[in-house]
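Written out below as structure tokens is the structure these notes cover.
The values are calculated or read from the model by the stated rules, or taken from the named source; none is laboratory data. Since this is a predicted model, take the numbers as computed values, not measurements. Heads up, the Cβs are rebuilt from the backbone with ideal geometry, glycines too, and the neighbour counts pull from every protein chain shown. With ligands, DNA and RNA removed, areas are computed over all heavy atoms of the protein, side chains included. Shrake-Rupley method; radii C 1.70, N 1.55, O 1.52, S 1.80 Å.
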Amino acid sequence: MAPTAASAAAGEEQQAVGLAARDSSGHLSHFAISRRSTGDDDVAIKILFCGICHSDLHCIKNEWKHSIYPLVPGHEIAGVVTEVGKNVTRFKAGDRVGVGCMVNSCRSCESCNNGFENHCPEGVFTYNSVDKDGTVTYGGYSSMVVVHERFVVMFPEAMPLDVGAPLLCAGITVYTPMKYHGLNAPGKHVGVLGLGGLGHVAVKFARAFGMKVTVISSSPGKKREALERLGADAFVVSSSAEEMEAARSTMDGVINTVSANTPMAPYLALLKPNGKMILVGLPENPLEVPPFSLVHGNRTLAGSNIGGMADTQEMIELAAKHGVTADIEVIGADYVNTAMERLAKADVRYRFVIDVGNTLHAAAAE
């Protein structure tokens, strides 16, 4: 239901409908949610679209061994503001907004004070997390959400909600390492390892920064897509010893988006001296990193985890300016379980987005 000023004043919970997994089978079905009343610093949002991230699949199946059931996934949320608390100054009813991977933090530690809420030791994720009041957070596979204004992003007018929603996870995940590791300078050469939900957005941001972009993939069939449609400058098939050798020591950095376990040495060899590989994919098992592959050439292997709220707002504004959007397949709420099966097989180009506004409510009413 649409929240009202009266409900907030009375402290009443607001009823919503979501899609939840009840166990590690990962099957999603309708689930009644009680959202908190809209507090003084809160923004209430009617969710219109929510992207499906690979993390959602990991979590509904408890592959990371910390799932809290029932689990409502979704941290690529886009919608419209329906109500704001009395202290909120940045948003008003009717604004087009988004919510990414976080919904709370301590808001007072060094990381929070410096704009890096993503590094806060008390950070609260959008779903499968315990908020400050002890409640478990439920994500964007739902009809509405209430969020502290600090963790809400304003959508530029030029950014459509459906193709912009995945940027709140995939976009900030690749934007942050480019910004903070100097891989956003025109003329530099960046490799993008893996051409999926993260990788295709990384290619687009690299192009927006004016960089030379090489896609590195185990799938030769993605070459035409990478070069002709996404605008990459070069394509390297990782299983080709000849192509990998030709690309050796040519890249200033590599954004590694791969979630599968692969040996690091062949990819580290693509870096120039002082080059950096930034890990944003999350393999299940420990990495294989021979020490000499780092020491030789003074190479760096680093990780990056989403981004702070100021960087997320900056990212979505730059994306709107340069026309950077996710390539999506819009689906209805009744297709979500099939979409998860396809996602497990990498059968999507490149992000599923649930049309929550037009399908979740209708499905729930049947």
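Things to note:
- In the range 306-329, residue most open to solvent (accessible area, probe 1.4 Å) [restricted to those that are of a type outside the set (Gly, Ala, Ser) and farther than 22 Å from Gly115 by Cβ]: His322
- Residues that are in a helix (DSSP H, G or I) and surrounded by fewer than 17 Cβ atoms within 10 Å (Cβ to Cβ) within the range 338-355 comprise Thr338, Glu341, Arg342, Ala344, listed in sequence order.
- The range 309-343, residues that are among the basic types (Lys, Arg) and over 19 Å from Gly164 (Cβ atoms): Arg342
- Contacts under 7 angstrom Cβ, first residue in the range 206-221 being without any contact (Cβ under 8 Å) to a residue 12 or more places away in the chain, partner aromatic (Phe, Trp, Tyr) and crowded, with 16+ Cβ neighbours inside 10 Å, 6 or more apart: none
- In the range 310-325 there is no residue that is assigned to a strand (DSSP E or B) and farther than 11 Å from Gly171 by Cβ.
- Residue pairs whose Cβ atoms lie under 7 Å apart, sitting 6 or more positions apart in sequence or on different chains, and linking a residue in the range 32-56 that is assigned by the TED database to the domain that holds Glu341 and farther than 20 Å from Ile68 by Cα to a partner that is of a type in the set (Lys, Arg) and assigned to a strand (DSSP E or B), are Gly51/Arg351.
- Looking only at the range 215-245, and only at residues there that are more than 22 Å from the chain's Cα centre (by Cα) and closer than 19 Å to Arg299 by Cβ, the one that is surrounded by the fewest Cβ atoms within 10 Å (Cβ to Cβ): Glu245
So that you can scan it fast, the table gives a plain yes or no per residue for (1) among the hydroxyl-bearing types (Ser, Thr, Tyr); (2) in the same structural domain as Glu117 (by the TED database); (3) at pLDDT 95 or above; (4) out of contact with any Phe, Trp or Tyr (no Cβ under 9 Å at 6 or more places or on another chain):
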residue: Pro177; (1), (2), (3), (4): no, no, yes, yes
residue: Ala185; (1), (2), (3), (4): no, no, yes, no
residue: Lys188; (1), (2), (3), (4): no, no, yes, no
residue: Gly191; (1), (2), (3), (4): no, no, yes, no
residue: Gly197; (1), (2), (3), (4): no, no, no, no
residue: Ala202; (1), (2), (3), (4): no, no, yes, no
residue: Phe205; (1), (2), (3), (4): no, no, yes, no
residue: Val215; (1), (2), (3), (4): no, no, yes, no
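- Reported count of residues in the range 60-95, each being open to solvent by 10 Å² or more (accessible area, probe 1.4 Å), within 30 Å of Ser259 (Cα to Cα) and either out of contact with any helix residue (DSSP H, G or I) (no Cβ under 6 Å at 6 or more places or on another chain) or among the acidic types (Asp, Glu) (or both), is 9.
- Cross-chain or 6+ apart pairs with Cβ under 7 Å, the range 124-143 first and modelled with pLDDT of 95 or more and crowded, with 19+ Cβ neighbours inside 10 Å, then part of a loop (DSSP other than H, G, I, E, B) and of a type in the set (A, V, I, L, M): Tyr127/Val72; Asn128/Ile68; Tyr138/Val72; Gly139/Val72; Tyr141/Val72; Ser142/Val72
- Only one entry in Asn274, Asn298 is touching a Pro at 6+ places or on another chain (Cβ under 8 Å), open to solvent by 50 Å² or more (accessible area, probe 1.4 Å), in the same structural domain as His189 (by the TED database) and in contact (Cβ under 8 Å) with a residue 24 or more places away in the chain, namely Asn298.
For every residue, the table says whether it meets (1) part of a strand (DSSP E or B); (2) of a type in the set (Gly, Ala, Ser); (3) open to solvent by 10 Å² or more (accessible area, probe 1.4 Å); (4) touching a strand residue (DSSP E or B) at 6+ places or on another chain (Cβ under 6 Å).
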position	(1), (2), (3), (4)
Arg150	no, no, yes, no
Val163	no, no, yes, yes
Thr176	no, no, yes, no
Asn184	no, no, yes, no
Val192	yes, no, no, yes
Phe205	no, no, no, no
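- Subset of the range 248-271 (residues that are in contact (Cβ under 8 Å) with a residue 60 or more places away in the chain, in a loop (DSSP other than H, G, I, E, B) and open to solvent by 10 Å² or more (accessible area, probe 1.4 Å)): Thr250, Thr257, Val258, Ser259
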